[in-house]
Amino acid sequence: MLKWALMFALISIVAGLLGFTGIAAGAAGIAKILFVLFLVLFVIFLLLGLTIAKKIVD
C-alpha cells in the first residue's frame, strides 16, 4: 500500500511540473489517503503485535 501511495505522489509531482494541475491534485489526494491508511494500519498492527507478544511471553 505504501508503494501505491509513493507512486501516486510521484505522478502528482510529475503532473504538477508539466502543468496538469487537475491530475496533480487528484493524484496527490489519492496519495494522501493511501499514506494515512497505511499509517493507521501500521499502528494497529504494531499495537496488536506488542499485545500478542506480551501474552505469549507471560
Original post:
Given the convex hull of the Cα atoms of the chain, what is a quarter of its surface area in nm²?
Top reply: 3.8 nm²
Subject >> Tilt relative to the chain, helix 21-57 - C-alpha long axis, 0 to 90 degrees, to 10 >> reply: 10 degrees
Subject >> Accessible solvent surface per residue of the chain, calculated while the other protein chains remain in place, 1.4 angstrom probe, Å² >> reply: 80 Å²
**OP:** Only helical DSSP H runs with n ≥ 4 go in: add -39500 (n - 2.57) per run for the chain, normalise by residue count and round the 222 nm mean residue ellipticity to 500 deg cm²/dmol.
**Re:** -33500 deg cm²/dmol
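The values are calculated or read from the model by the stated rules, or taken from the named source; none is laboratory data. These numbers were taken from a predicted model, which means no experiment stands behind them. Only protein heavy atoms, including side chains, enter the accessible area calculation; ligands, DNA and RNA are left aside. Shrake-Rupley method; radii C 1.70, N 1.55, O 1.52, S 1.80 Å.
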